[in-house]
Amino acid sequence: MTLSAHAVPLLSDNYAWLLRDEATGTTAFVDPADADACIAAIDAAGGRLDMILLTHHHGDHVAGTDAVRARYGCPVIGAAADARRLPRLDRTVVEGDTVALGESSLRVIDTPGHTVGHIAFFGGGNHVLICGDTLFSLGCGRLLEGTPADMYASLHKLAALPGDTLVCCGHEYTQSNVRFAVHADPGNAALQARAADVERLRRAGQPTIPSRLSDEMAENPFVRAPDVATLARLRAEKDGFR
Ligand code: ZN
Ligand code: FE
């Protein structure tokens with residue numbers, strides 16, 4: 001039940017995700033913000049689309065949803081809690097629901113913080129996590145709607161997943177995040193090594209995503225924050241960090 005996860009770069013620094021259940025070819029597209037770019041990626045991968053999944057209501061994740069649905073005639077799945085401000089949903093989901101993708105399945109995880117109705121999807125025998133703007137490589141989403149306590153709880157739910165989980169997040173923010181992470185945790189040797197990897201990848205024009213959850217546990221200061229107050233302080237500091 002391998003689920004392949006292919007990052008599709010969109011807009012200035014977004015990643016949408018093309019997910020394919022390898023056993024059956026069943027395909028999902030996550031966060032189709034730019035319809036033309038999404039359709040080009042889907043067609044390049046064989047032109048099959050079985051469903052659209054949405055992580056949260058921001059335009060840089062959902063703006064192309066209706067055009068992509070119209071093109072492939074597939075259902076759109078998103079959070080029941082945010083149905084009123086997401087594109088029209090054909091299926092609403094809540095925490096603990098399962099979305100079948102061929103022989104693979106994806107579990108819905110509530111991850112409020114960046115927005116109040118944000119959800120993540122986790123599944124595949126190879127442990128794929130689609131986490132939108134909640135957990136980033138070496139960072140976390142801005143608290144635009146939720147509280148530090150919301151984000152703390154969301155990150156801890158994700159941190160309980162298997163260490164080999166592939167973290168498929170919604171933006172290429174790693175280079176900015178790594179500078180702040182090194183500033184926040186200057187004595188972390190694993191983080192220093194990761195910073196060098198990130199700089200090398202970006203210089204070569206390569207994505208830094210997906211990352212591995214065990215690396216986030218060792219290096220991401222937001223995941224490592226021991227309590228809500230520390231997370232709140234780090235998030236506020238990062239908001240003004242240049
Ligand atoms: Zn967002
Ligand atoms: Fe975003």
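The values are calculated or read from the model by the stated rules, or taken from the named source; none is laboratory data. None of these values were measured; they are calculated from a predicted model. Note that each Cβ is placed from the backbone with ideal geometry, even for glycine, and that neighbours are counted across all protein chains shown. Accessible surface is based on the protein model in full, side chains and every heavy atom, while ligands, DNA and RNA are left aside. Shrake-Rupley method; radii C 1.70, N 1.55, O 1.52, S 1.80 Å.
Here are a few things to note about the model shown:
- Sum of side-chain charges, L166 neighbourhood, beta-carbon under 12 Å (Lys, Arg +1; Asp, Glu -1): -2
- Each of D43 and A23 was given a label point 7 Å from its Cα along the Cα-to-Cβ line. The distance between the two points is 3.2 nm.
- 0 to 90° range, to nearest 10: angle between helix 228-239 axis and the chain longest Cα axis: 80 degrees
- A 1.4 Å probe run over the chain, with the rest of the protein chains in place, finds 40 Å² accessible per residue.
- Distant-in-sequence amide contacts of V93, defined by a placed amide H-H separation under 5 Å and a gap of 5 or more residues or a different chain, comprise G78, A79, A80.
- Heavy-atom surface analysis with a 1.4 Å probe gives the range 173-242 a carbon and sulfur content of 52 percent of its accessible area.
- Neighbour net charge for A67 - beta-carbon separation under 13 angstrom, K R +1, D E -1: 0
- Helix axis angle, 35-44 relative to the chain longest principal axis, alpha carbon, degrees: 70 degrees
- Residue-count net charge about R142 - beta-carbon cut-off 10 Å; Lys, Arg +1, Asp, Glu -1: -1
- Two-site label geometry, E145 and R85: point separation in nm, points 7 Å out along Cα→Cβ: 0.5 nm
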